[in-house]
Amino acid sequence: MSIRHGLLALLDEGPKYGYQLRQEFERATGATWPLNVGQVYTTLTRLERDGLVRGEGSDESGRVGYALTDEGRTELHRWFATPISRETRPRDELAIKLALATTVPGVDVTAIVQGQRTSTLRTLRELTRLKKAAAEDDLPWLLVLDSMIFQAEAEVRWLDHCESRLARSSRSTAPARPSAENRPADDHTATDHEGVRR
Amino acid sequence: MTPHAGPVLELREVSRVHGQGETAVHALRGLSLAVTTGELVAVMGPSGSGKSTLLHLAGGLDSPTVGEVLVEGQDLGTLSKAAVAGLRRRSIGYVFQDFNLIPALTAVENVALPLELDGVPSRRARKEATQALAEVGVKELAGRFPDDMSGGQQQRVAIARALVGDRRLVLADEPTGALDSETGEAVMRLLRARIDAGAAGLLVTHEARHAGWADRIVFLRDGRAVDDTGYASDAESLLEESR
Ligand SMILES: Nc1ncnc2c1ncn2[C@@H]1O[C@H](COP(=O)(O)OP(=O)(O)O)[C@@H](O)[C@H]1O
Ligand SMILES: [Mg+2]
């Protein structure tokens, strides 16, 4: 998602000031996406340049109001109608980190997996606390929280899976040694080549 | 009854070995854990890591090979079989994946049963059971049989049964396992609320989403606690503050 579409969605209700948009954006997405005023105004300027919003003069303290144009509304509905593709999301740093860790000699991949899982479980606990505290009728916030909770859960399951896979591969390469930290260096060289090839 | 001041459940360096010699299985190795009133501790881990063994030890259904298990300050190892059985009936409640309600009894009879087994007169047991059902929000189900209830309703009744009377320790083994995600969440909310109202809970689950309701999550592997989130600190509540 882009801040652009977020602002367009908020302007669908009616014209708003920049500071108002920032507040409402944060309220709708919880604390998950804090924006600064600069980001809001930069985005509004670009939206105006592209004809998607229109500045509506200013009030007595010089604050400029913005309104959605017809093109803006069309763009907003196009966005709602288009599924988000996983490929367009930023690359998964964690997956890349683990993949690289298996190729670097002397790195305890199991420890990375365990540390990450504990950290993700803490996040999950924190998100659940927010959910417990949320008002029952705050549907936008509950939806955002649930999305983050299910994603964190998926990450934990994936980490469990990685852990078993690592245990299995260290058993087959070095049966007597249960964890990756004890693997001899030439073992890593072998993984190294594989890692570089793909 | 005056509540015991320390942890409701305490495990001290507990190990459980099944069998002997070559074929010995170390189900738990030197595990220490304490759960106090108002606290929920979740236990996760792959199958065979020792989760059920831990719950059985905590519930006095099995005894450790080494170490101590204390419930409300009493070391189960120093009590007679009859005393352990009494403590189990009076202080400990269980919630399982398959609800374990008795099909021939109504909801209120199911909840009253542990009290009656403990010698509470029938009328008083019923009154307390009705109250317990009200506390979990299903008073209207009192006269219904388990077969005429949804999974979520049965689990609510099972939670009422686990906490009726003076029970202050709830042991839950995959309590949401048979429920859809929405109903599972409702059950976790309820369990959490009952624990907040004055019980201690130990929860085994393989779903991280449900473990998220706990104050602390312990991860078992081969009978050892390998990961532990510890308790939530205030510094962690950054999200909450910025909202
Ligand atoms: N009565 C028993 N006799 C022998 N081995 C057992 C017994 N109970 C459990 N175990 C073994 O102890 C280990 C832990 O089991 P358990 O506590 O049931 O794990 P989990 O609930 O995490 O799947 C497993 O290896 C299991 O096979
Ligand atoms: Mg088990």
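Dipole check for chain B: with +1 at the C-beta of Lys and Arg, -1 at the C-beta of Asp and Glu, and the Cα centre as origin, the magnitude is about 740 Debye. Overall dimensions of the protein assembly as shown, expressed as equivalent-ellipsoid semi-axes from the Cα gyration tensor (√(5λ), whole Å, largest first), are 47, 34, 17. 3J(HN,Hα) couplings calculated from phi for region B:191-206 with the Karplus curve 6.51 cos²θ - 1.76 cosθ + 1.60 (θ = phi - 60°) are, in sequence order, 4, 4, 5, 5, 5, 4, 6, x, 9, 10, x, 10, 10, 9, 8, 9 Hz; Gly and Pro show x.
As a calculated quantity, the FRET efficiency between A:Lys132 and B:Leu105 at R0 = 35 Å, using C-beta atoms, amounts to about 0.60.
Taking the Cβ of B:Leu113 as the center, what net charge do the other residues with Cβ under 11 Å away carry, scoring Lys and Arg +1 and Asp and Glu -1? Result for the neighbourhood of B:Leu113: 0. Taking the DSSP bridge list for chain B and keeping only pairs wholly inside it, about 50 percent are antiparallel.
If you take the alpha carbon atoms of region A:3-87 and fit the smallest convex hull around them, that volume is 108 Å³ per residue.
Here B:Lys127 is the anchor, and the aspartates and glutamates within straight C-alpha reach of less than 18 Å, apart from those fewer than 8 places off in the same chain, are B:Glu109, B:Glu116, B:Asp118, B:Glu135, B:Glu140, B:Asp166. Counting Cβ atoms of other protein chains within 10 Å of each Cβ in A:3-13 and taking the mean gives 0.
Solvent exposure of the protein assembly as shown amounts to 52 Å² per residue of accessible area, where only protein heavy atoms count and the probe is 1.4 Å. Spin-label model, B:Ser32 to B:Ala178: label points 7 Å out along the Cα-to-beta-carbon direction sit 3.9 nm apart. Considering only B:Ile102, B:Ile217, B:Ile92, the Gaussian network model of chain B with Cα springs below 10 Å gives its largest mean-square fluctuation to B:Ile102.
Taking 0.36 nm per intervening residue step and subtracting the Cα-Cα distance, what contour gain separates B:Asp166 from B:Asp222 on full extension? Value of the extension gain: 16.7 nm.
Using C-alpha pairs below 8 Å separated by at least 6 residues, the relative contact order for chain B is 28 percent. Taking every residue in B:212-224 and counting other chain Cβ atoms within 10 Å of its Cβ, the average works out to 4.
Dividing the summed -39500 (n - 2.57) terms of all DSSP H runs of n ≥ 4 by the residue count of chain B sets its mean residue ellipticity at 222 nm at -10000 deg cm²/dmol.
Computed from the Cβ-Cβ distance with R0 of 60 Å, the FRET efficiency linking A:Asp50 to B:Ala134 stands at 0.55. Peptides A:120-126, B:178-184, B:73-79 ranked from most to least packed give A:120-126, B:178-184, B:73-79, packing being the mean of other C-beta atoms within 10 angstrom over each peptide's residues.
For the peptides B:105-118, B:55-68, A:133-146, what is the packing order when you average, over each peptide's residues, the other Cβ atoms within 10 Å and list the highest mean first?
B:105-118, B:55-68, A:133-146
Counting protein heavy atoms only, chain B has 49 percent of its accessible area on carbon and sulfur, 1.4 angstrom probe. Shape class of chain B from the Cα gyration tensor (axes a ≥ b ≥ c, square roots of the eigenvalues): oblate, since a/c reaches 1.5 or more and a/b does not exceed b/c. Take each residue of peptide A:162-170, count the partner chain Cβ atoms within 10 Å of its Cβ, and average: the result is 1.
In the neighborhood of A:Val40, defined by Cβ-to-Cβ distances under 13 Å, what is the net charge if each Lys or Arg adds +1 and each Asp or Glu adds -1? Value of the local net charge: +2.
The values are calculated or read from the model by the stated rules, or taken from the named source; none is laboratory data. As the structure is a prediction and not an experimental result, all values here were calculated from the model. Reconstructed Cβ throughout: ideal geometry from the backbone, glycine too, with neighbour counts over all protein chains shown. Just the protein is used for accessible areas: all its heavy atoms, side chains included, with ligands, DNA and RNA removed. Shrake-Rupley method; radii C 1.70, N 1.55, O 1.52, S 1.80 Å.
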